[in-house]
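Written below as structure tokens is the structure these notes are about.
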Amino acid sequence: PVPLIIDTDTAQDDCVALLAGLLDPRADLRAITMVAGNVGFEAQVRNAFMTLNAAGRLGEVPIHLGCTRPLVRPWVSAEDVHGDGAGGLDMDFDGCEPEREHAVDALVRLAAERPGELSIVAIGPLTNIAMAAVRDPEFAANVGRLYIMGGSNNGRGNITAAAEFNFYVDPEAAKAVFAAGFDITVVPWAPLTLDQAVFDQTALDEIAALGTPLAEFFTRVCAATLEFDRSVGIDGTTHPDSLTAALLLHPDLVRRSARYNVDVETGSELTRGYAAMSWGVHGLPDNATVVEDVDAAGFHAYIKALLATPTQPA
Ligand code: BDR
Ligand code: CA
């Protein structure tokens with residue numbers, strides 16, 4: 001199994017990405033680290049605990065609280081998209097507390113314990129990852145693979161025309177991470193996940209028909225974003241974060257990827273958080289692999305199989 005940390009702003013598709021880390025036999029989820037992003041910090045922590053419970057693994061994976069705002073800017077959250085991030089779900093996690101160790105310290109420690117072996121799936125703003133790289137100059141080298149959900153490869157953002165949410169919220173952190181020497185794979189919002197990681201009504205009906213507690217959990221946590229996505233003309237609920245986790249654990253789902261130089265705009269307000277993905281003709285050294293095409297049917301089947309897992313929430 002892959003030793004793994006998921007760095008997350010737990011709402012909707014983040015919860016499903018956590019399920020991959022918790023239930024896929026290929027994953028050895030060592031910690032969940034929390035970063036300011038989608039919804040209020042307390043709601044994010046609650047959503048992470050409820051996901052542990054839904055997976056029948058409450059108390060088994062430590063949750064570390066990380067940075068509660070971006071490096072230099074005020075936090076922008078997305079409750080208009082996500083609601084509370086879990087469709088009003090109210091599951092018990094009595095007696096469970098987050099760890100006392102800060103997420104940045106946990107990231108640095110766990111990477112240093114097994115240099116080159118730990119993978120990170122970063123599916124929120126990159127604040128914790130950037131802070132860990134500042135904290136420990138060896139951090140980037142100690143991390144094996146860093147899979148990032150963020151950016152758009154054709155300028156079609158989801159929060160502004162230029163920017164995808166995770167890079168928009170903390171562009172300085174994203175810029176620092178791409179300059180830090182990590183072994184990075186990027187799973188961009190558009191065109192990739194917008195085209196290939198959407199669960200439409202047919203897929204949602206198939207999932208509901210599974211009849212498992214996890215299928216019910218999925219339907220519930222996706223409810224708010226489904227409504228939002230439909231209101232903006234997307235035919236279903238978008239799942240970039242669980243796709244990112246799935247691709248790390250099952251690289252055979254990648255159909256095409258290419259090396260790019262990725263840099264992130266921090267100066268302009270109009271294009272704040274824009275991910276410039278430069279290819280060979282621009283003459284810049286590559287620093288990341290960008291996923292361009294995936295086996296979408298394989299990804300859907302993977303998520304369905306996860307949700308078919310019989311679990312016993314407390
Ligand atoms: C990203 O922002 C959030 O809405 C999702 O969880 C995903 O990580 C997509 O832009
Ligand atoms: Ca996320």
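A convex hull fitted around the alpha carbon atoms of the range 134-277 yields 138 Å³ per residue. Here the range 169-244 and the range 252-293 have alpha carbon centers that stand 20 Å from each other. Put simply, when 85-93, 142-150, 122-130 are sorted by average Cβ atoms within 10 angstrom per residue, most first, you get 122-130, 142-150, 85-93. Neighbour counts of other Cβ atoms within 10 Å put S152, S242 in the fewest-to-most order S152, S242.
Listed from fewest to most Cβ neighbours within 10 Å, the set D7, D263 follows the order D263, D7. What does the C-alpha gyration tensor say about the overall shape of the chain? Classify as rounded when a/c is under 1.5, otherwise prolate if a/b is larger than b/c, or oblate. It is rounded, given that a/c, with a ≥ b ≥ c, falls under 1.5. The antiparallel fraction among DSSP beta bridges confined to the chain stands at about 30%. Panel order for L247, L194, by other beta carbons found within 10 Å of each beta carbon, from fewest to most: L194, L247.
Based solely on its DSSP helices, what 222 nm [θ] is calculated for the chain when runs of n ≥ 4 H residues each add -39,500 (n - 2.57) and the sum is averaged over all residues, nearest 500 deg cm²/dmol?
-10000 deg cm²/dmol
We did not get these values from a lab; they are worked out from the coordinates using the rules stated. Bear in mind that the values here come from a model prediction, so they are computed numbers and not experimental data. Here the Cβ is made from the backbone with ideal geometry for all residues, glycine too, and neighbour counts use every protein chain on show.
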